[in-house]
Amino acid sequence: MTHRQRTVFRDLDGILLLDKPRGISSNQALQRARHLLRAAKAGHTGSLDPLATGLLPICFGEATKLAGHLLGSRKAYLAVARLGVTTDTEDAEGQVLRERPVPAFDDAAIEHALTRLRGRIRQRPPVYSALKQGGEPLYAKARRGEQVTVGEREVEVFRLELLGRDGDRLRLEVECGPGTYIRSLVRDLGEALGCGAHILELRRLWVDPFRQPAMTTLDRLEALDEAGREALLLPVEAGLGDWRRIELEPEQARRLGQGQTLRLAEGATPGPVAVFGRAGRVLGLGEIGLDGCLRPQRLFRWAAEAAKPGVAD
């Protein structure tokens, strides 16, 4: 009888820009990547539906402290919508609820409908979504046949463009803020056009600050050895490209690592900052108050270790 070798997990820090394949959940993709890299701790930065593909930044180790920030970042998608059919999940994997003829409208009519879906809009998320109600995902309630009521919420759509049309199919590019559901945008577009619609294909193109991501696939990860997999990881600092950066002197860095509040030079601009040491490594995230003091919010492991007595600069 053969025994499967048990994976020994380890501390590993960094960010993997994964190209999630179609047909698996974001958590399944994360767990496969985590096991291949033998990472003790991992988290992703915003779920993609099983139908969707594209960029899924996975944070390992200390990089998980950035996951909440990346979750709230601006994102871009390429979507293919099918007009004339609505489904219960608002995508191609759901049950058909209604079929309607597609009117003979032109691109100007589509543009008029798209205009109403740009900017700060009110949107009702899908019933089949990971949003929680009473501590349970909505999709779990919907799959049990429970009546689920989802309220509207405000989201922001920075760009929504028609790239092309082929019969009853529209190719759309979307740039949006956090919490925006592309399935809901397509649903509302279909209703505005009077025929209904659902998502056929969805691909996430980028997530701030990774505007031109060099993504890797699970197949590539599996084909590499451990050193090759680690070489694909971006440093923690890569997730802070859109943060305001300040640099501390060694003594200030030691005090910050001990959790102390620091008074900065006069004129320091209030707001959130990424705090770096002189060696160029990020120490943590902080907030500069109106009083000119820097207060640590999230410190990385190496900042606290460097602050211990007897540790050299």
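Annotations for the structure displayed:
- Charge sum, other residues only, whose C-beta stays under 9 Å from Pro178's C-beta, Lys/Arg counted +1 and Asp/Glu -1: +1
- The slack in the chain from Arg22 to Val150, taken as 0.36 nm per residue of separation less the alpha-carbon distance, amounts to 43.4 nm.
- Aspartates and glutamates whose Cα lies under 12 Å from that of Lys75, excluding same-chain neighbours fewer than 8 positions away: Glu156, Glu173, Glu175, Asp208
- For the chain, a Gaussian network of Cα nodes joined below 10 Å ranks Glu156, Glu90, Glu287 by mean-square fluctuation, and the top entry is Glu287.
- Given their separation in residues at 0.36 nm each and the Cα-Cα distance between them, Arg118 and Gln297 gain 61.0 nm when the chain is fully extended.
- Anisotropy class of the stretch 166-313 from Cα gyration tensor, a/c 1.5 cut: oblate
- Global form of the stretch 27-92, assessed from the alpha-carbon gyration tensor, a/c cut-off 1.5: prolate
- Among 25-33, 51-59, 212-220, the peptide with the highest mean count of other Cβ atoms within 10 Å heads the list, and the full ranking is 51-59, 25-33, 212-220.
- Euclidean distance of C-alpha centroids, the stretch 31-53 and the stretch 107-122, integer Å: 34
- Cα-based shape type of the chain, given that a ≥ b ≥ c are square roots of the gyration tensor eigenvalues and the cut on a/c is 1.5: prolate
- GNM result for the chain, Cα springs below 10 Å: residue of Asp208, Asp168, Asp91 fluctuating most strongly: Asp168
- Of the solvent-accessible surface of the stretch 1-123, computed with a 1.4 Å probe over protein heavy atoms with every protein chain present, carbon and sulfur atoms account for 49 percent.
The values are calculated or read from the model by the stated rules, or taken from the named source; none is laboratory data. Predicted model only: the values in this text are computed from it and were never measured. Quick reminder, even Gly has a Cβ in these numbers, built from the backbone with ideal geometry, and neighbours come from all protein chains shown. Surface areas here come from the heavy atoms of the whole protein model, side chains and all, with no ligands, DNA or RNA. Shrake-Rupley method; radii C 1.70, N 1.55, O 1.52, S 1.80 Å.
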